[in-house]
Ligand SMILES: Cc1cc2nc3c(=O)[nH]c(=O)nc-3n(C[C@H](O)[C@H](O)[C@H](O)COP(=O)(O)OP(=O)(O)OC[C@H]3O[C@@H](n4cnc5c(N)ncnc54)[C@H](O)[C@@H]3O)c2cc1C
């Protein structure tokens with residue numbers, strides 16, 4: 001099939017993009033694919049909300065810009081920060097128009113406080129903002145007859161001039177596993193959009209679902225597209241220590257915004273020694289403070305004390321956290337919550353321009369897999385859903401224009417070669433793949449985590465190279481599986497993070513190497 005647009009990923013960025021294009025042009029053919037069911041991805045787990053300047057009596061775009069630049073630690077692109085903050089209200093109003101509900105107080109949107117923000121500006125739906133957005137967008141995207149949705153389809157590689165044996169620098173679609181048909185299919189497209197999310201699964205402890213394996217980043221890297229800022233991996237300071245149903249459960253920053261305090265096991269507010277803002281300092285400072293404290297004490301966690309937050313607020317504002325904690329015997333507000341930092345967000349990614357186009361013509365990247373210049377060295381809380389909305393809009397408008405320009409004819413796309421690599425199988429090599437994935441996670445957690453040293457990075461590089469060799473062997477000797485595809489991407493991203501980390505000679509934002517302290 002030849003499509004006008006192939007969108008790979010169905011979180012907030014991919015769905016918003018597809019809806020915007022379809023609303024503007026009902027003739028444009030769009031195929032939307034997701035690796036799992038349409039709703040699985042980082043978006044549906046977002047708790048806190050979206051940062052938007054709404055209360056103009058107290059807040060201003062200047063303040064939001066300043067907070068973003070401060071958190072980004074001189075790594076942000078100021079022009080990008082400015083237009084993202086300024087376009088926030090338009091994008092939020094659209095989301096509301098499409099049916100997304102946000103909490104209100106006296107008819108006005110309730111604005112919560114989060115770390116690093118100088119004013120209350122987080123628009124949210126209880127502690128399940130992401131789920132609310134995901135469900136509304138999923139329902140809306142299904143109403144457009146020109147959008148074809150393919151769930152359980154996995155991106156393997158992008159199609160470029162390398163495959164068509166032409167000279168140029170363009171993307172022509174992707175090779176994709178159809179999990180149901182158990183084969184690799186070609187989807188040719190005039191424009192391809194990566195909205196594949198992050199790669200938290202590189203670490204043993206992550207708030208991301210297990211499908212967050214950096215597949216878009218891996219495919220872009222193999223297509224020789226520039227990736228930047230990969231070492232800037234943000235760790236969320238407060239994930240529940242105990243996994244719930246095998247998953248890491250996040251305790252949103254908004255709990256600290258509502259009065260939650262962080263204590264060590266001696267009941268001291270240890271973070272005040274690191275920063276006068278204590279538990280409400282930006283995430284990098286809080287995560288490092290907690291990790292340092294954990295390394296000092298016997299217990300491998302710290303306490304999040306929410307006893308000053310009334311039970312009624314827990315139940316109305318944080319019902320999911322209240323219910324989840326209660327299910328494992330933590331009674332709020334009186335019981336403190338044991339928390340640890342967990343890998344959470346990729347500030348870096350595929351380098352894009354102000355309309356989200358990458359350096360490969362016809363390839364756009366939006367959402368967490370992109371590096372737009374908004375986050376710099378450290379993302380400000382609740383700025384990523386906002387970034388996804390703003391750049392999905394900009395990319396959609398740009399793609400509509402690009403489709404009017406001269407492009408190869410349909411015969412060219414039809415003549416693109418079918419996948420000529422290994423075939424697809426459901427489950428061979430599964431055991432090796434799982435063992436190697438766990439080894440990789442251990443290396444990244446121990447040596448390329450919150451704290452790094454030159455020595456730990458060098459050692460990690462050697463071990464990752466070793467795993468890379470084994471993955472290449474598996475790739476060439478076996479049929480592809482989903483798991484092998486994921487591992488192939490994870491090992492590439494691990495290698496790039498470790499390599500790029502060794503090039504950074506100063507500590508900035510979330511990046512911390514003891515040798516430069
Ligand atoms: C627990 C948690 C809480 C968060 N809270 C907030 C918050 O309060 N505010 C905020 O601003 N941000 C928050 N974030 C971050 C934010 O949710 C994400 O950055 C954002 O949702 C990413 O959206 P996305 O569209 O880029 O990708 P995702 O929502 O992650 O979607 C990725 C999509 O790509 C698809 N995909 C991946 N690989 C492939 C492949 N190989 N083939 C086909 N499809 C593929 C997946 O199936 C999925 O559809 C949170 C994140 C987490 C994990």
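The values are calculated or read from the model by the stated rules, or taken from the named source; none is laboratory data. These figures come from a predicted structure and were not determined experimentally. Every residue, glycine among them, receives a Cβ derived from its backbone with ideal geometry; neighbour counts consider all protein chains shown.
For residue 220, indicate whether it is within 13 Å of the ligand (Cβ to nearest atom), within 13 Å of residue 351 (Cα to Cα) and either modelled with pLDDT of 95 or more or not in a strand (DSSP E or B) (or both). So residue 220 fits the description; yes. Being at pLDDT 95 or above and away from the ligand (no atom under 16 Å from the Cβ) is true of residue 514. Report whether or not residue 413 is surrounded by 17 or more Cβ atoms within 10 Å (Cβ to Cβ) and either modelled with pLDDT under 90 or touching a helix residue (DSSP H, G or I) at 6+ places or on another chain (Cβ under 6 Å) (or both). So residue 413 does not fit the description; no.
Selection of segment 133-170 for residues being within 30 Å of residue 317 (Cα to Cα) and touching a helix residue (DSSP H, G or I) at 6+ places or on another chain (Cβ under 9 Å) yields 133, 134, 135, 136, 137, 138, 140, 141. Taken together, the criteria exclude residue 173 from residues that are farther than 21 Å from residue 17 by Cβ, crowded, with 21+ Cβ neighbours inside 10 Å, more than 10 Å from the ligand (Cβ to nearest atom) and touching a residue at least 40 places away in the same chain (Cβ under 8 Å). Restricting attention to segment 233-250, the residues being more than 17 Å from the chain's Cα centre (by Cα) and closer than 30 Å to residue 8 by Cα number 4.
Checking each residue in segment 1-23 for being assigned to a strand (DSSP E or B) and over 18 Å from residue 219 (Cα atoms) picks out 2, 3, 4. Name the residue, out of 368, 387, that is surrounded by 24 or more Cβ atoms within 10 Å (Cβ to Cβ), more than 10 Å from the chain's Cα centre (by Cα) and near the ligand (Cβ under 8 Å from one of its atoms). Within the list 368, 387, the selection yields 387. Does residue 499 satisfy being farther than 24 Å from residue 425 by Cα, in contact (Cβ under 8 Å) with a residue 12 or more places away in the chain, outside any loop (DSSP other than H, G, I, E, B) and in the same structural domain as residue 438 (by TED's automatic domain parsing)? When the stated conditions are applied, residue 499 passes them.
Sub-8 Å Cβ pairs linking a first residue in segment 38-62 that is closer than 18 Å to residue 256 by Cα and in contact (Cβ under 8 Å) with a residue 12 or more places away in the chain to a second residue that is away from the ligand (no atom under 11 Å from the Cβ) and assigned to a loop (DSSP other than H, G, I, E, B), at least 6 apart or interchain, are 49/102; 51/117; 51/121, ordered by first then second residue.
For segment 24-53, a residue qualifies if it is part of a loop (DSSP other than H, G, I, E, B), away from the ligand (no atom under 15 Å from the Cβ) and surrounded by fewer than 18 Cβ atoms within 10 Å (Cβ to Cβ), and the qualifying residues are 25, 26, 27, 29. Of the residues making up segment 256-277, those that are in contact (Cβ under 8 Å) with a residue 40 or more places away in the chain, at negative phi and not in a helix (DSSP H, G or I) are 258, 260, 261, 262, 263, 277.
Considering the conditions (1) surrounded by fewer than 24 Cβ atoms within 10 Å (Cβ to Cβ); (2) more than 9 Å from the ligand (Cβ to nearest atom); (3) more than 29 Å from residue 114 (Cα to Cα), residue 190 is excluded by exactly one of them, (1).
Taken as a whole, the condition of being within 26 Å of the chain's Cα centre (by Cα), under 29 Å from residue 64 (Cβ atoms), in a loop (DSSP other than H, G, I, E, B) and within 16 Å of the ligand (Cβ to nearest atom) applies to residue 230.
When segment 250-266 is limited to residues that are surrounded by fewer than 21 Cβ atoms within 10 Å (Cβ to Cβ) and within 15 Å of the ligand (Cβ to nearest atom), the one that is modelled with the lowest pLDDT turns out to be 257.
Residues in segment 390-401 that are surrounded by 19 or more Cβ atoms within 10 Å (Cβ to Cβ) and more than 30 Å from residue 507 (Cβ to Cβ): 6 in all. For segment 177-189, the count of residues that are assigned by TED's automatic domain parsing to the domain that holds residue 357 and under 20 Å from residue 444 (Cβ atoms) is zero. Determine whether segment 121-136 contains at least one residue that is within 12 Å of the ligand (Cβ to nearest atom), crowded, with 19+ Cβ neighbours inside 10 Å, assigned to a strand (DSSP E or B) and touching a residue at least 24 places away in the same chain (Cβ under 8 Å). For segment 121-136, residues within 12 Å of the ligand (Cβ to nearest atom), crowded, with 19+ Cβ neighbours inside 10 Å, assigned to a strand (DSSP E or B) and touching a residue at least 24 places away in the same chain (Cβ under 8 Å): present.
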